[in-house]
Every structure is written in C-alpha cells, then in structure tokens.
Amino acid sequence: MEIIDQIAMIPGRSWGSNVYVVGKGELALVDSGLTGDFRSHFIKDIESLGLDPLNIKKLVITHFHPDHIGGVLEVVDFCAAEVMIHEIEAAYIEKKAGFNVQVKLKDGDIIPLGNMNFKVIHTPGHSPGSICLYNAEKKILFSGDTIFAYGVGRTDIPGGDIIELKKSIKKLTELDVEILLPGHDVPVIGNANENIKLDYSFVESLSNDY
C-alpha cells in the first residue's frame, strides 16, 4: 500500500508490526515484523510494489520488542542491510540476534531514507529506547508503538513507564505532523496533529500506575 511517493506500508501479520518501505532505488525498511514474515510474505509484498528487495540497504528498528525485531536476521541475511536502533537497546538486539548493530542512534540524529531526511526523536515509555522518525518538510512521523491512530503504547510490560510515555507524547504535540505512520493498525493521512493531541489528552488522563 503506497502512502505517498517514496513510502509504502506493508501491514503487519497477526500481532507483528507494520513494515514501511522507504525509497524507490536504494530502499530502507522501518521495522521488520515477526520472525518468518520477511521471507514468507514481505519479499513478495515488496516486489509487488515494483521494488527490488535486494536493494534494501538500511533497516531502522523503532524499538526492541519481538513483533518489531523478529525479522532482523532474515533481512540481514537476505540483503546485508545496515541495522539501526537506539543506543539504549542496541546491546539487547546484539545479544538476541547475534551480530553487531552498525548504527546506534541518539536523539537528534538525522537519517537519510529514500530522498528524505528523518530526525530521530527518542520517545521512551513503551520501551526505554523507543524512537520516532520525523520529516519536517513533508510533515511525516513514523511513531513506532509510542502512539497509534487509536491509542498509545502500553506500559504494563518490562521497560514500560507511563510517566516517560506522557513526556514523550507531549514532545510529539510540538511537531507539525500531517501523516502519522504507526507500528500497528492504520496510518493517519492528513491533520495528524489532531490525532496526536487527542492521544496526549488520553494519556494525561491516565493514572501514573497505569
């Protein structure tokens, strides 16, 4: 499903994450879905977009939960993509997947994906090293599991922190966002600022024990 020129979404299977394909020639992926999904589904899905999955050069992981990192080894084995994840969670994925993360991201880093540059925004709360990716020119936000079209990331799991999530979503309300591309469910196309504000109002209403 093409969102705009240079960005397509492959919906997650079962409880796996959405996977976003960025670019036309040299490609990048945002997240990798569940183990097995890349070889069984995503290669064909990428080819159906008229793209060559062997041209995947970068894989950006929004956070280290298994529904987002499950396909990392498959992607790396298939096309030797450069893996990028926040530095806080890099050690976990290195131990889990058994290889070195090439790019350990920090808040404020700029990543070229396709013909666009995305700013890394550290948004802890759902997990300690969760990130969002923001392109100011086209007003696009990849939000991982920090926020969705309908709701916010859960914090009742190891590494979750409702207070940090509130701070992170507050940070997102300060951005100008038209297109919201979350880690699960449907994207928000147009006036995503309103969605982010509603998500913030919701999370603000929650108890710190949530």
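The values are calculated or read from the model by the stated rules, or taken from the named source; none is laboratory data. What you see is a predicted model, and the numbers here were worked out from it, not measured in a lab. Glycine also receives a Cβ, built like all others from the backbone with ideal geometry; neighbour counts cover every protein chain displayed.
Cβ-Cβ below 9 Å, separation at least six or inter-chain, first residue in the range 154-165 and under 19 Å from residue 184 (Cα atoms), second of a type in the set (Ser, Thr, Tyr) and buried (at least 16 other Cβ atoms within 10 Å of the Cβ): which pairs?
What qualifies is 157/127; 160/127; 165/123; 165/130; 165/146; 165/155.
Give the number of residues within the range 84-111 that are modelled with pLDDT of 95 or more and over 23 Å from residue 168 (Cα atoms).
Of the residues in that region, 0 qualify.
Whether any residue in the range 167-190 is surrounded by fewer than 23 Cβ atoms within 10 Å (Cβ to Cβ), over 22 Å from residue 4 (Cβ atoms), under 16 Å from the mean Cα position of the chain (by Cα) and basic (Lys, Arg) is what I want to check.
No, there is no match, as no residue in the range 167-190 is surrounded by fewer than 23 Cβ atoms within 10 Å (Cβ to Cβ), over 22 Å from residue 4 (Cβ atoms), under 16 Å from the mean Cα position of the chain (by Cα) and basic (Lys, Arg).
Of everything in the range 1-40 that's out of contact with any helix residue (DSSP H, G or I) (no Cβ under 9 Å at 6 or more places or on another chain) and of a type in the set (Asp, Glu), which residue is nearest to residue 70 (Cα to Cα)?
2
Scanning the range 1-23 for residues that are touching an Asp or Glu at 6+ places or on another chain (Cβ under 8 Å) and part of a loop (DSSP other than H, G, I, E, B), which turns out surrounded by the most Cβ atoms within 10 Å (Cβ to Cβ)?
17
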